Amino acid sequence: KQEVTQIPAALSVPEGENLVLNCSFTDSAIYNLQWFRQDPGKGLTSLLLIQSSQREQTSGRLNASLDKSSGRSTLYIAASQPGDSATYLCAVAGGGKLIFGQGTELSVKP
Amino acid sequence: SAVISQKPSRDICQRGTSLTIQCQVDSQVTMMFWYRQQPGQSLTLIATANQGSEATYESGFVIDKFPISRPNLTFSTLTVSNMSPEDSSIYLCSVEWRGGFNEQFFGPGTRLTVL
């Protein structure tokens, strides 16, 4: 059974800092991995999707990497801003469905 | 990408009643999904809704409690039946976008509180 873990559960950083969020999964037989952002009480916004054959994807200040063999993905956020404050969720796709981690709650202080 | 809307955005309901949540997509999609997010928790898949067939439910979820309709390729409904306070959650629909390597896009969610 696929299990997805995100570390840390919460993170507080000063504005301008670069940061890394971690996601690990137990079954390497995944189709793809998605990173999402969720603002309080809101739905999910898709940030990046990495196909199983890819190593990384970039969008603006965000860079996501994938190492299937070790069951890990990281989301790198450069030059963090207060507007980046949200919960970040990773989800792995396999067997026709997404399995979510518990999320990392990020707070960027001005 | 797909633009997804949900109705209602939030509701407060009495124990024992039922609520139907609507999900509308701006383009035709094959796969639609319904998730539940309990307070302070991550998302759990309730069921997969494909047009023209019965919904497929995940372990722990049953059709009598969460009946789903999928009348066409742009619309689905989820009903939460005979509600109890434990059903208080955010309910989200999502769609799988074939044009983007099966990327999933989510609606804004329906925040349900059961008293």
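Annotations for the structure displayed:
- Label sites at A:Ser53 and A:Ala29, each approximated as a point 7 angstrom past Cα along Cα to Cβ, lie 2.0 nm apart.
- A full extension of the chain between B:Thr113 and B:Asp64 corresponds to an added length of 15.6 nm, given 0.36 nm per residue minus the alpha carbon distance.
- The simple Förster model, with R0 at 45 Å and r as the Cβ-Cβ distance, assigns A:Glu15 and B:Cys13 a FRET efficiency of 0.65.
- Accessible surface, chain B, averaged per residue in Å² (probe 1.4 Å): 47
- For the protein assembly as shown, the extents of the C-alpha atoms along the principal axes are 48, 37, 33 Å, listed from largest to smallest.
- Working value for chain B: equivalent-ellipsoid semi-axes of 23, 14, 13 Å, each the square root of 5 times a Cα gyration tensor eigenvalue, largest first.
- Rg and Dmax of chain A, both derived from C-alpha coordinates alone, stand at 13.2, 42 Å.
- Radius of gyration and Dmax over the Cα atoms of region B:60-115, both given in Å: 13.4, 42
- Summed buried accessible area for A+B [probe radius 1.4 Å, Å², rounded to 100]: 1500
- Cα centroid of region A:71-110 to Cα centroid of region B:40-114, whole Å: 22
- Largest to smallest principal axis extent of the C-alpha atoms in region A:1-40, angstrom: 37, 18, 17
- Label-point gap, in nm, between A:Asp39 and B:Gln41 - each point 7 angstrom along Cα→Cβ: 2.6
- 20 Å Cα-Cα threshold exceeded, pairs from A:Lys68/A:Lys97; A:Lys1/A:Lys97; A:Lys42/B:Lys7; A:Lys97/B:Lys7: A:Lys97/B:Lys7
- Loop-resident chymotrypsin sites (Phe, Trp or Tyr not before Pro) (DSSP state other than H, G, I, E or B) in region A:3-70 with no more than 16 further Cβ atoms inside 10 Å of their Cβ: A:Tyr31.
- No disulfide-compatible partner, judged by a Cβ distance under 4.7 Å, exists for the following cysteines of the protein assembly as shown: B:Cys13.
The values are calculated or read from the model by the stated rules, or taken from the named source; none is laboratory data. The model shown is predicted, which means the values in this text are computed figures rather than measured ones. Heads up, the Cβs are rebuilt from the backbone with ideal geometry, glycines too, and the neighbour counts pull from every protein chain shown. In case anyone asks, the SASA skips ligands and DNA or RNA and just uses the protein heavy atoms, side chains included. Shrake-Rupley method; radii C 1.70, N 1.55, O 1.52, S 1.80 Å.
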